[in-house]
Every structure is written in structure tokens, then in C-alpha cells.
Amino acid sequence: MRTSTTYTPSIHVTLTEGEIGVILCSLEEKVKNLDEDSNEVREIDEIFEELQSAVDDYYNEKDGYYGGTM
């Protein structure tokens, strides 16, 4: 019997804070037009959280108190 597994690679990219801001604002606008219980909204929420925590982690590390999510 053949089984399948799902592999989701983690891809690292370099973005400026401004670029992340543009993405976050775009995601916020996109969510306004969707059913809040949809899978797409859940996926967008996960992306939003990941990007926001990357910015938070950067500033926490820069300011000398790191307790981040990296």
C-alpha cells in the first residue's frame, strides 16, 4: 500500500520593513472582502502573524531583549 506525505518547505527571503508593511496592508485589505471563516482568511492570518513576528523579533533583538520566535 502506498502512502503519501505532505512536505511544506520553509523558504527564507529578505524583505525590508517597508516591503513587509506593504504586504501586511495588502493582506488586511484582502481579508475585508472575504468570509472570516474561510480557509483563505486562516492562511492570511498565519502569513500576517509570521511577517509581524519577524519584524518584532528584529526590533527585540536589536534593542537587546530577545525572546522571539526564530
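Structure above, values below:
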quantity	calculated
Largest to smallest accessible area among Y65, Y59 [probe 1.4 Å]	Y65, Y59
Where E29, E40, E50 fall by accessible area, highest first, once all protein chains stay in place (1.4 Å)	E50, E29, E40
Student exercise, the chain dipole from Lys, Arg, Asp, Glu Cβ charges, in Debye to nearest 20	360
Accessible solvent surface per residue of the chain, calculated while the other protein chains remain in place, 1.4 angstrom probe, Å²	90
Heavy-atom accessible surface of the chain: percent carbon and sulfur, 1.4 Å	51
Paired Rg and Dmax values of the chain, which use every Cα atom, in angstrom	15.7, 54
On Cα atoms only, tilt of 39-62 relative to the major axis of the chain in degrees	30
Solvent exposure, largest accessible area first (probe 1.4 Å, DNA, RNA and ligands not counted), of K30, K62	K62, K30
Charge-dipole axis of the chain as Lys and Arg at +1 and Asp and Glu at -1 on Cβ define it, positive-most pick from S10, L34, S53	S10
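The values are calculated or read from the model by the stated rules, or taken from the named source; none is laboratory data. Since the structure is predicted, the reported quantities are computational estimates derived from the model, not experimental observations. Note that we place each Cβ from the backbone using ideal geometry, even for glycine, and neighbour counts take in every protein chain shown. Each accessible area value is taken on the protein alone, full model and side chains, heavy atoms only, with ligands, DNA and RNA left out. Shrake-Rupley method; radii C 1.70, N 1.55, O 1.52, S 1.80 Å.
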